[in-house]
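Below is one structure; the comments refer to it alone.
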Amino acid sequence: DVEVKSLYRESLLHADSEITVSGWVRTNRGSNKFGFIELNDGSFFKSVQVVYEAEFLDNFEEIAKAPISAALKVTGTFVLTPDAKQPFEIKAKKIVIEAGSDPDYPLQKKRHSMEFLREIAHLRPRSNTFSAVFRVRSMVAYAIHKFFQDKNFVYVHTPIITASDCEGAGEMFKVTTLDMNDLPKGDDGKVEYSDDFFGKEAGLTVSGQLEAETFALAFRNVYTFGPTFRAENSNTARHASEFWMIEPEMAFAELADNMDTAEAMMKYIINYVMENAPEEMEFFNKFIDKGLIDRLSNIINSDFERISYTEAVDLLQKSGEQFQYPVQWGIDLQTEHERYLTEKIYKKPVFVTDYPKEIKAFYMRLNDDNKTVAACDLLVPGVGEIIGGSQREERYDVLKERIEEIGMTEEDYWWYMDLRKYGGVKHSGYGLGFDRIIMYITGMGNIRDVLPFPRTPKSAEF
Ligand code: 4AD
Ligand code: MG
């Protein structure tokens, strides 16, 4: 079989040759003498037009009735049609039906709402939009690995089941087991669960950072890339209960190095997708977010802004804007504030640094003012926070004091404290929300529409 992607990318190579393409019917229309099928073979979000005529097919009537989503194998001549609406077509000589399709197939040829498509997560990858989104998602994953591997970073697999709540926000899902001893007793039909399988309470990871730090102090530069879980009960367009995160961690690096790496990574990823998925990007630009390509091109060619939290608060207060949530030093920036900074004030990605220690995690390095920590969040237009990072507190005593101050159990972090005892050099890292960068690059407005199988509160269909 020839891939439809190759028909688009290398049309001249195939011109006037006999080819075979296997795929699914997207549309089928015609008369009693001829018809047109849009066939999608999965190699590309675009389909190829197949023209079939009664004169050449002995099964013409059967093909004329082939419903949307039937699977066909088509052999015919590939002809360029420079004067027609579509650039080329296949003039069929033979069409074999490989699989039929029921007429109640829910994805008919019309615009469906995103909400409707979410209800059929098992079928929506067959639509043009989701075909483009998930191919780009796959490509971005590859680009991220390539960026770090080319720089000699080691890819480390941090555990999914863990006892440490890295962010300390109490958003961990608990891992329990069916209590086997209790099973025979269950005549009330109630299932008993037990959480002593691991000998202590365990949960699903909210971040691989703490474990990544152990590897950074052995390999110098490392990164994680895996699923993370948060029981955040916030129903927004950018939070999911299961999402993917990339967490580089670098020894001998401070906050500025951290931001340099993050900025270079962002530019690399965007450039990679623009070069390798130009057709998908044009599609998003036309149907999902007008101005997307311009915006992303500008980003590659200009420096990201870097401002401190204190400066950000000052700018927001002076803006005269009536925010729902009033701005004053010490508050955690809300999405409305983040978006105002990047969309209204700077119109480009902005790093905000040095947040008050009270609103950030325990592991961030305390600044000399004793009030702020060496944190850096990257905010981007349309999405808001896409990266959260910091220089880590490498000073044993300062970290110990911080852990006590917050009321965490120091014994649980003995191994983390050990890193500070044995060659605990300064080090930094950040977490990139993978699903959020997919939103950013495709222009999709809801995280549910860039996750293949979104898990959010009250929603995990299968
Ligand atoms: O800012 P966060 O919570 O940072 C950390 O977890 C650090 N341990 C990272 C590090 O320094 N290694 O999360 C990092 C990023 C956010 O900026 C956001 O893009 C994404 O992860 N994120 C979510 N994405 C989707 N759904 C959620 N519920 C998310 N929570 C965070
Ligand atoms: Mg954050």
Q: Looking only at region 216-229, count how many residues are crowded, with 21+ Cβ neighbours inside 10 Å, within 12 Å of P159 (Cβ to Cβ) and either touching a Leu at 6+ places or on another chain (Cβ under 6 Å) or not β-branched (V, I, T) (or both).
A: 0
Q) Of all residues in region 364-404, which are touching a strand residue (DSSP E or B) at 6+ places or on another chain (Cβ under 7 Å), farther than 14 Å from A256 by Cα and aliphatic (A, V, I, L, M)? A) M364, L366, L379, V380, I386, I387, V398
Q. How many of the residues in region 425-450 are open to solvent by 20 Å² or more (accessible area, probe 1.4 Å) and more than 16 Å from the chain's Cα centre (by Cα)?
A. 2
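Would you point out which residue out of A169, A141, A84, A92 is open to solvent by less than 70 Å² (accessible area, probe 1.4 Å) and within 16 Å of ligand 2 (Cβ to nearest atom)? Reasoning before the result, please.
Values: A141 fails: within 16 Å of ligand 2 (Cβ to nearest atom); A84 fails: within 16 Å of ligand 2 (Cβ to nearest atom); A92 fails: within 16 Å of ligand 2 (Cβ to nearest atom).
Answer to the check: A169.
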Q. Does region 407-414 contain any residue that is open to solvent by 40 Å² or more (accessible area, probe 1.4 Å), farther than 29 Å from R220 by Cβ and of a type in the set (S, T, Y)?
A. yes
Q) In this structure, is E401 open to solvent by 60 Å² or more (accessible area, probe 1.4 Å), out of contact with any Gly (no Cβ under 6 Å at 6 or more places or on another chain), at pLDDT 95 or above and within 15 Å of ligand 1 (Cβ to nearest atom)? A) no
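Given the residues D187, D182, which is the only one that is touching an Asp or Glu at 6+ places or on another chain (Cβ under 9 Å) and either modelled with pLDDT under 95 or surrounded by fewer than 19 Cβ atoms within 10 Å (Cβ to Cβ) (or both)? Before the answer, list the steps.
Details: D187 fails: touching an Asp or Glu at 6+ places or on another chain (Cβ under 9 Å).
Only one candidate passes the filter, namely D182.
Only one residue in Y355, Y416, Y440, Y396 is within 17 Å of S207 (Cα to Cα) and either modelled with pLDDT of 95 or more or within 16 Å of ligand 2 (Cβ to nearest atom) (or both), so which one is that? So that I can check it myself, show each step before the final result.
Numbers: Y355 fails: within 17 Å of S207 (Cα to Cα); Y440 fails: within 17 Å of S207 (Cα to Cα); Y396 fails: within 17 Å of S207 (Cα to Cα).
Testing whether each residue is within 17 Å of S207 (Cα to Cα) and either modelled with pLDDT of 95 or more or within 16 Å of ligand 2 (Cβ to nearest atom) (or both) leaves just Y416.
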Q) Is one or more of the residues making up region 345-364 surrounded by fewer than 23 Cβ atoms within 10 Å (Cβ to Cβ) and of a type in the set (G, A, S)? A) yes
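Could you list, in sequence order, the residues of region 74-118 that are assigned to a helix (DSSP H, G or I) and touching a residue at least 12 places away in the same chain (Cβ under 8 Å)? Let's see the steps before the verdict.
As a first pass, look at region 74-118 and keep what is assigned to a helix (DSSP H, G or I): 114-118.
Within region 74-118, M114, L117, R118 qualify.
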Q. Here are Q391, Q334: which of them is within 16 Å of ligand 2 (Cβ to nearest atom) and closer than 21 Å to M265 by Cβ?
A. Q391
Q: Give the residues of region 290-337 that are open to solvent by 50 Å² or more (accessible area, probe 1.4 Å), free of Cβ contacts under 8 Å to residues at least 40 places away in the same chain and not in a helix (DSSP H, G or I), sorted by residue number.
A: K290, N301, G320, E321, Q322, Q324, Y325, P326, Q328, W329, D332, Q334
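Applying the selection to region 9-34, what residues are outside any strand (DSSP E or B) and out of contact with any helix residue (DSSP H, G or I) (no Cβ under 7 Å at 6 or more places or on another chain)? Before you say what the answer is, go through the steps one by one.
Keep residues of region 9-34 that are outside any strand (DSSP E or B), which gives 9-17, 31-33.
Within region 9-34, R9, E10, S11, L12, L13, A15, D16, S17, S31, N32, K33 meet the criteria.
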Q. If you check R455 against the conditions, is it more than 16 Å from ligand 2 (Cβ to nearest atom), more than 27 Å from L217 (Cβ to Cβ) and charged (D, E, K, R)?
A. yes
Q) Taking the stated definitions as given, is P278 under 23 Å from K46 (Cα atoms) and modelled with pLDDT of 95 or more? A) yes
Q) Residues of region 43-73 being in a loop (DSSP other than H, G, I, E, B) and touching a residue at least 40 places away in the same chain (Cβ under 8 Å), which ones? A) S43, F44, F45, K46, S47, A66, P67, I68, S69, A70
Q: Mind listing just one residue for me: the one in region 373-398 that is in contact (Cβ under 8 Å) with a residue 40 or more places away in the chain and farther than 30 Å from T442 by Cβ and, of those, surrounded by the most Cβ atoms within 10 Å (Cβ to Cβ)?
A: R392
Q. Which numbered condition trips up S390, out of (1) over 18 Å from Q334 (Cα atoms); (2) more than 9 Å from ligand 1 (Cβ to nearest atom)?
A. (2)
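The values are calculated or read from the model by the stated rules, or taken from the named source; none is laboratory data. Keep in mind the model is a prediction, meaning the values are calculated, not measured. Virtual Cβ from ideal backbone geometry, glycine too; neighbours counted across all protein chains shown. These area figures cover heavy atoms from the full protein model, side chains too; ligands, DNA and RNA do not enter into them. Shrake-Rupley method; radii C 1.70, N 1.55, O 1.52, S 1.80 Å.
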